[in-house]
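Only one structure is covered here, and it is reproduced in the block below.
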Amino acid sequence: NAGVMQNPRHLVRRRGQEARLRCSPMKGHSHVYWYRQLPEEGLKFMVYLQKENIIDESGMPKERFSAEFPKEGPSILRIQQVVRGDSAAYFCASSPTSEGFNEQYFGPGTRLTVT
Amino acid sequence: AQSVSQHNHHVILSEAASLELGCNYSYGGTVNLFWYVQYPGQHLQLLLKYFSGDPLVKGIKGFEAEFIKSKFSFNLRKPSVQWSDTAEYFCAVNARNTDKLIFGTGTRLQVFP
């Protein structure tokens, strides 16, 4: 029973390039959450998605960041025109439902380095 | 706004020592509480969780946590740590009317044999 999969595990981008981070939830899970961990900080919520819907994007920066979770395929977190401050670990989590008590299962993370 | 405070950023212990990691949260409503652990090179794993009922919660690997509502605290404990407990520990809170987890900054635990 595969867990939450994220790829790539490490991503290096130059300033101004685009970064695409992928997350495949656990089998049977239809809810995906993205978190960002900056150096020396805890994980910060970015966005919560269900299939084809963004439910809560209150933690997403207003510019350059977008997320989607299409009907088929993984969830994608997209960062356009990356800057050095985007360097962080990006974690994806999934849960089977958001009803009631939502235990979230985390992936291994993608470490983005912007040079 | 909700927030979670973990008072100890870095804890160093010898094997067999007792462990207590502090966690306080700020939120006036009903919450779910979690402790996650991240072993070196691995992803976050759930250690234990509190939703309701007995405020003393037992998790995996001998860990337990006690929810004290009056103190807004959810401290993690283990009576005797092992070298394999070396990891980073995160306390997290979820307000029951939202779906996101609010994390503390984490506590890095190093256990020496």
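The values are calculated or read from the model by the stated rules, or taken from the named source; none is laboratory data. Treat the numbers as computed from the prediction; the structure is a model and nothing was measured. Cβ: placed from backbone, ideal geometry, glycine included. Neighbour counts: every protein chain shown. Quick note on the areas: whole protein, heavy atoms, side chains included, nothing else; ligands and nucleic acids left out. Shrake-Rupley method; radii C 1.70, N 1.55, O 1.52, S 1.80 Å.
Each row is one residue, and each column tells you yes or no for (1) in contact with a His (Cβ under 9 Å, 6 or more places away or on another chain); (2) farther than 30 Å from A:Tyr90 by Cβ.
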position: B:Ser5; (1), (2): no, no
position: B:Ser14; (1), (2): no, yes
position: B:Ala17; (1), (2): no, yes
position: B:Leu21; (1), (2): yes, no
position: B:Phe51; (1), (2): no, no
position: B:Pro55; (1), (2): no, yes
position: B:Pro79; (1), (2): no, yes
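Set side by side, the residues A:Val82, A:Val114, A:Val47 differ, and just one is more than 13 Å from the chain's Cα centre (by Cα) and either crowded, with 20+ Cβ neighbours inside 10 Å or among the polar types (S, T, N, Q) (or both), which is A:Val82. Selection of region A:49-100 for residues being within 12 Å of chain B (Cβ to nearest Cβ), closer than 14 Å to A:Arg36 by Cβ and free of Cβ contacts under 8 Å to residues at least 60 places away in the same chain yields A:Glu57, A:Ser58, A:Gly59, A:Met60, A:Ala89.
Looking only at residues of region B:47-97 that are in a strand (DSSP E or B), aromatic (Phe, Trp, Tyr) and free of Cβ contacts under 8 Å to residues at least 40 places away in the same chain, we find that the one that is farthest from the other protein chains (Cβ to nearest Cβ) is B:Phe67. B:Val111 meets each of the listed conditions (1) open to solvent by less than 10 Å² (accessible area, probe 1.4 Å); (2) within 30 Å of A:Val47 (Cβ to Cβ); (3) away from every other protein chain (no Cβ under 12 Å); (4) of a type in the set (Val, Ile, Thr) apart from (2).
Only a single item in (1) surrounded by fewer than 19 Cβ atoms within 10 Å (Cβ to Cβ); (2) under 10 Å from the mean Cα position of the chain (by Cα) is not met by A:Leu77, and it is number (1).
Of all the numbered requirements in (1) surrounded by 19 or more Cβ atoms within 10 Å (Cβ to Cβ); (2) at pLDDT 95 or above, B:Ile102 misses one, and that requirement is (2). In region A:60-81 there is at least one residue that is under 30 Å from B:His7 (Cα atoms) and of a type outside the set (S, T, N, Q). The set of residues in region A:2-35 that are out of contact with any Pro (no Cβ under 9 Å at 6 or more places or on another chain), crowded, with 16+ Cβ neighbours inside 10 Å and among the hydrophobic types (A, V, I, L, M, F, W, C) comprises A:Leu11, A:Ala19, A:Trp34. Of note, A:Glu68 satisfies the criterion of being closer than 22 Å to B:Ile102 by Cα and open to solvent by 50 Å² or more (accessible area, probe 1.4 Å). Just to verify a result, which residue in region B:6-29, among those that are more than 16 Å from B:Ile102 (Cα to Cα) and polar (S, T, N, Q), is surrounded by the most Cβ atoms within 10 Å (Cβ to Cβ)? Ranking the qualifying residues of region B:6-29, first place goes to B:Asn8. When you scan region B:60-79, how many residues do you find that are of a type in the set (Gly, Ala, Ser) and touching a Phe, Trp or Tyr at 6+ places or on another chain (Cβ under 7 Å)? So the count comes out to 1. Residue-level check: of (1) touching a residue at least 24 places away in the same chain (Cβ under 8 Å); (2) under 26 Å from B:Ala1 (Cβ atoms); (3) within 14 Å of the chain's Cα centre (by Cα), A:Pro39 misses just (3).
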